[in-house]
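Engineer: To start, I am sharing the structure in question, which I have written as structure tokens.
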Amino acid sequence: MASFRKRGQNWEYRIVFIDRQTGKQKEKSKGGFRTKKEAQLAAAEEEARINYFGFAENGNERVDHFFADWLEIYKKPNVKPITYSVQERNVRLNILPRWGHYRLKDLTRNEYQKWINELRGRYSEGTVRRIHSIFSTAMNDAVHEFQIMRENPIQKIKIPKQVDKSNKVAYFTREQLERFLESVKTPMKNAKYQHSIQYYALFTLLARTGLRIGEALALTWEDLDFDTKSLTVNKTLVYPLNSQPYLSTPKSKNSERTIKLDDSTIKLMRRHRINQIEVCLMYKNYKPAKDNIVFHQHDGRWLRTNVVREYFKEVCKRADLPVLSPHALRHTHAVHLLEAGANIKYVSERLGHASVKVTADTYLHVTKKIEDDALALYERYVQN
């Protein structure tokens, strides 16, 4: 509640409020206003800030209290559920165990940099960058949005680089991919539905299109156009840990795309559609797909991403191949396209990357080879 008084020629406001952190009564006052109206307007603005943000001033807010409100009130309503899930998980598992008991003003750049260096000993460069990005964004909000800190104490932090980039992208060679897909054709010995070719269709589609696993599992038969031999990507399946799956928009604007399919993939998808019906008729507890989805569990619901990953690993072991993840099929498709001489812009658009630069940076070892081959061709040309 604000009160006002005139001191000499100027007006002053005084606001009494309860500190959310300590539960004690506090007050804030400011003078120097020429008129009472100016003091009232300034007081109203300050009261709104106190009531709206609810954070302790001058960096006295504890890190765990700050992140609890920052996530729930300011992030959750404004980002995709999957984005919020990733941020909340990183805060809970990585940030709070180390920094939760600190006050914001006690954070120091040196101590934080040491922690970042320690994280790089356990996590990849990308994971550490993600954790740091969440923390730094929160601190920027503390400075610029909530005005409870003067500056961000963790600016200009150095993330140790990946020392060995040779294994950055995991993919199958052409021979390995052929062996992998040949192995998928034969169902696992303990598989309940031996007649199903679903995993063969799924992994082949991933390998021939470069789809992300979430994009593939979200597909419905309406997304496939057998006449034009194309596939439309306009959604992705999100399967959070210990939560219900849901459909979301694709990863980026460029991820919404239409992909051309080769004849053998079209033929296989036709077979899979017929096979779905056959399996439902053959096994009593195998239900038809809900919402006309292309890949589904025996109860008709979306396939679980963790189940797909485990099946993929088992196939890798059976085929005596490196044990990778389904995402390796996306890399495999990209690498094979580039090695075949496909234009990098085309590959970028087919994968749904945000930019050509992302594609070039991701597949640097391949694009470098293309560059060297092109230069060799040029040298032979000018010498003849």
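The values are calculated or read from the model by the stated rules, or taken from the named source; none is laboratory data. Remember, predicted model here, so these are calculated numbers, not experimental data. Positions of Cβ are generated from backbone atoms using ideal geometry, with glycine treated the same way; all protein chains shown enter the neighbour counts.
Engineer: Based on this model, can you work out whether Leu303 counts as modelled with pLDDT under 95, in the same structural domain as Leu202 (by TED's automatic domain parsing) and surrounded by 15 or more Cβ atoms within 10 Å (Cβ to Cβ)?
Structural biologist: yes
Here's the yes/no breakdown for (1) exposed (fewer than 14 other Cβ atoms within 10 Å of the Cβ); (2) out of contact with any strand residue (DSSP E or B) (no Cβ under 7 Å at 6 or more places or on another chain); (3) among the acidic types (Asp, Glu):
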{"residue": "Thr209", "(1), (2), (3)": "no, no, no"}
{"residue": "Trp221", "(1), (2), (3)": "no, yes, no"}
{"residue": "Leu231", "(1), (2), (3)": "no, no, no"}
{"residue": "Thr236", "(1), (2), (3)": "no, no, no"}
{"residue": "Asn254", "(1), (2), (3)": "no, yes, no"}
{"residue": "Asp262", "(1), (2), (3)": "yes, yes, yes"}
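Engineer: With the condition kept exactly as written, say whether any residue in the stretch 38-59 is at pLDDT 90 or above, under 25 Å from Met149 (Cβ atoms) and surrounded by 15 or more Cβ atoms within 10 Å (Cβ to Cβ).
Structural biologist: No, because not a single residue in the stretch 38-59 is at pLDDT 90 or above, under 25 Å from Met149 (Cβ atoms) and surrounded by 15 or more Cβ atoms within 10 Å (Cβ to Cβ).
Engineer: Quick one: would you say His333 is assigned by TED's automatic domain parsing to the domain that holds Thr204 and either closer than 21 Å to Glu182 by Cβ or buried (at least 19 other Cβ atoms within 10 Å of the Cβ) (or both)?
Structural biologist: Considered against the rule, which asks whether it is assigned by TED's automatic domain parsing to the domain that holds Thr204 and either closer than 21 Å to Glu182 by Cβ or buried (at least 19 other Cβ atoms within 10 Å of the Cβ) (or both), His333 comes out as yes.
Engineer: If you check Ala376, Ala319, Ala328, which single one turns out to be of a type in the set (A, V, I, L, M), surrounded by fewer than 19 Cβ atoms within 10 Å (Cβ to Cβ) and either free of Cβ contacts under 8 Å to residues at least 24 places away in the same chain or closer than 23 Å to Val238 by Cα (or both)?
Structural biologist: Within the list Ala376, Ala319, Ala328, the selection yields Ala376.
Engineer: Check whether at least one residue in the stretch 119-128 is modelled with pLDDT under 95, outside any helix (DSSP H, G or I) and over 28 Å from the mean Cα position of the chain (by Cα), and report yes or no.
Structural biologist: No - not one qualifying residue is present in the stretch 119-128.
Engineer: Test Leu217 against the stated conditions and say whether it is aliphatic (A, V, I, L, M), within 23 Å of Arg301 (Cβ to Cβ) and out of contact with any helix residue (DSSP H, G or I) (no Cβ under 9 Å at 6 or more places or on another chain).
Structural biologist: no
Engineer: If you don't mind, another one. Working only within the stretch 146-187, note down all residues that are exposed (fewer than 15 other Cβ atoms within 10 Å of the Cβ) and modelled with pLDDT under 85.
Structural biologist: Across the stretch 146-187, the qualifying residues are Gln147, Lys161, Gln162, Val163, Asp164, Lys165, Ser166, Asn167.
Engineer: Kindly list the number of the only condition in (1) in a helix (DSSP H, G or I); (2) touching a residue at least 40 places away in the same chain (Cβ under 8 Å); (3) buried (at least 19 other Cβ atoms within 10 Å of the Cβ) that fails for His353.
Structural biologist: The failed condition is (1).
Engineer: Among (1) surrounded by 12 or more Cβ atoms within 10 Å (Cβ to Cβ); (2) not assigned by TED's automatic domain parsing to the domain that holds Val358, which single condition is His101 missing?
Structural biologist: His101 satisfies all of (1) surrounded by 12 or more Cβ atoms within 10 Å (Cβ to Cβ); (2) not assigned by TED's automatic domain parsing to the domain that holds Val358 except (1).
Engineer: Condition first: among the hydrophobic types (A, V, I, L, M, F, W, C) and either buried (at least 19 other Cβ atoms within 10 Å of the Cβ) or closer than 22 Å to Ile274 by Cα (or both). Now tell me which residues in the stretch 238-249 satisfy that.
Structural biologist: Val238
Engineer: Continuing with this model, one more query. Specify the residue that is farthest from the chain's Cα centre (by Cα); the eligible residues are those in the stretch 310-357 that are under 25 Å from Asp262 (Cα atoms) and charged (D, E, K, R).
Structural biologist: Applying the filter and picking the extreme gives Glu339.
Engineer: Considering (1) over 32 Å from the mean Cα position of the chain (by Cα); (2) assigned to a helix (DSSP H, G or I); (3) surrounded by fewer than 13 Cβ atoms within 10 Å (Cβ to Cβ), say which one Asp291 fails and leave the rest.
Structural biologist: Here Asp291 clears every test but (1).
Engineer: Does Val307 meet the test of being in a helix (DSSP H, G or I) and under 21 Å from Leu219 (Cα atoms)?
Structural biologist: yes
Engineer: A further question follows. Considering only the stretch 362-381, state which residues are outside any loop (DSSP other than H, G, I, E, B) and at pLDDT 85 or above.
Structural biologist: Thr362
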